[in-house]
Amino acid sequence: MTAEQWGVRVPARQGEEMRQSLLREGTLDCTLRVLRSGGDLVFPVIAEREETERYLFEEQPGREGLARHELVGGIAIMHEDDPAGAARILAARPSLHTVLVPTSEVEGIFRTRTFAVLAGTDTTRTEVMEHGHRFVVNLAGAYFSARLSTERQRIAGMTGKGELVLDMFAGVGPFAITLAPKAALVVAVDLNPRAVTLLLENIRKNRAANVLPVLADARHLEKILPWRFDRVVMNLPLAGTEFLPDAFRFIRPGGTIHFYSLVSREGEHLDRIRELGGTDVTERVVRSYSPVHWHAVYDIVVTG
């Protein structure tokens, strides 16, 4: 039998990367077969997104639909408190050890939230494999987003050999460690002691000896760091705007700031960026966040 569903089309050579990305997001519709079309693959997804179109897919025989969830390593995060659905997810995905549901929003200066265990092992700690890197995360102790995997690869592709990089809100280190193979030095800063403890573990696990962990408030970095940087990463979507002046102070002429923010209209932060001296600015949608908000990134080249 066939069913109409949203699909994401990619060249076949990018198929496994896309499959893994959709699995991490929990948006791959596992009840339908992947469609082959010429040299492309079309993956069925459970919701409309920017690059999707409608396609007819063959149904997977004997596959009961799973409740919507997001994958982070060996943990599935559900959107609803559904123990029966959690048990089905755990049974259907042998690589998982735990199914959680959030019991709070992302909140506080450490950007964390609380969870309840719906099925499996009573833990919020897991290990995430991402493009050859391994990250130990604790979802209740430090912020981590598997949905930014593609974005981390994009920034890594832009990073030049021997750059000095500043990650102002490093968390457990996914941006810092991803950029480390090209950079001469990555300074990875976070205010959360639990995040920095995990960052240290991940530096050792990935042998990223050129990542310098710093436990500090980004507002006070000028008193600590003597360098100016070729690239600054600012992944603090709910409150990063207040730190833009600090990022501009740390960037070298010709350097690039990657500023991530939750926005409700296109160009929301352009006036402030230009006021600080950013003239060459590219704004991109990273992902949808809600019906009226989306996660955007501003790539800012500072010319003087």
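The values are calculated or read from the model by the stated rules, or taken from the named source; none is laboratory data. Just so it is clear, the model here is predicted, and its values are computed rather than measured. Note that each Cβ is placed from the backbone with ideal geometry, even for glycine, and that neighbours are counted across all protein chains shown. Surface areas here come from the heavy atoms of the whole protein model, side chains and all, with no ligands, DNA or RNA. Shrake-Rupley method; radii C 1.70, N 1.55, O 1.52, S 1.80 Å.
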In whole percent, and with a 1.4 Å probe on the protein chains, what portion of the accessible area of the stretch 146-271 is carbon and sulfur? 53
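Could you order the peptides 67-78, 94-105 from most to least packed, using the average number of other C-beta atoms within 10 Å per residue? Please report the intermediate quantities before stating the final value.
Details: 67-78: 21.7, 94-105: 16.2.
The densest-packed peptide leads the list: 67-78, 94-105.
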Give me the dipole magnitude in Debye, nearest 20, for the stretch 87-239 about the Cα centre, with unit charges on the beta carbon: positive for Lys and Arg, negative for Asp and Glu. 340
So how do 154-165, 199-210, 229-240 stack up, highest first, on mean other-Cβ count within 10 Å? 229-240, 199-210, 154-165
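Among DSSP bridges having both ends in the chain, what percentage is antiparallel? Round to the nearest 5.
Working: 49 of 70 bridges.
In the chain, approximately 70 percent of DSSP beta bridges are antiparallel ones.
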Ranked by GNM mean-square fluctuation in the chain (Cα springs under 10 Å), the top entry among Asp167, Asp271, Asp122 is Asp271
Angle between the chain longest axis and helix 15-25 axis [Cα atoms, degrees, rounded to 10]: 90
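In whole angstrom, how long is each semi-axis of the equivalent ellipsoid of the stretch 113-202, when you take the square root of 5 times every eigenvalue of its Cα gyration tensor and sort them from largest down? Walk me through the intermediate numbers first.
Numbers: eigenvalues 132, 40, 20 Å².
One finds semi-axes of 26, 14, 10 Å for the stretch 113-202.
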Average projected area of the Cα convex hull of the chain, in nm²? 16.3
Please work out the average accessible area per residue across the stretch 1-131, using the 1.4 Å probe convention, and give it in Å². 55
Leaving out same-chain residues fewer than 8 places away, which aspartates and glutamates sit with a Cα under 12 Å from that of Lys205? Glu127
Keeping every protein chain present and rolling a 1.4 Å probe, give me the accessible area per residue for the stretch 145-304 in Å². 43
Nearest 10 degrees, 0 to 90: what angle lies between the long axis of helix 83-92 and the longest principal axis of the chain (Cα atoms)? 90
Between the Cα axis of helix 193-206 and the main Cα principal axis of the chain, the angle (0 to 90°, nearest 10) is 80
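Using the Kirkwood radius over C-alpha pairs as Rh, can you work out the diffusion coefficient of the stretch 62-185 via Stokes-Einstein at 37 °C, viscosity 0.692 mPa s, in µm² per second?
Rounded to a whole number, D works out at 207 µm²/s.
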What lysines does Lys161 reach when the alpha-carbon gap must be under 19 Å and sequence neighbours fewer than 8 apart in one chain are set aside? Lys182
For Leu236, distant residues with modelled amide H under 5 Å away: Tyr260
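So what is the 222 nm mean residue ellipticity for the chain from helices alone, if each DSSP H run of at least 4 adds -39500 (n - 2.57) and you divide by all residues, rounding to the nearest 500 deg cm²/dmol?
Details: 7 runs with 64 residues, N = 304.
Calculated from helices alone, the mean residue ellipticity at 222 nm is -6000 deg cm²/dmol.
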Shape call for the stretch 224-304, from the Cα gyration tensor axes a ≥ b ≥ c (a/c under 1.5 means rounded, otherwise prolate when a/b beats b/c, else oblate), comes out prolate
Among Leu276, Val301, Ser290, whose Cα lies farthest out toward the positive end of the dipole of the stretch 228-304, if unit charges sit on the beta carbon of Lys, Arg (+1) and Asp, Glu (-1)? Val301
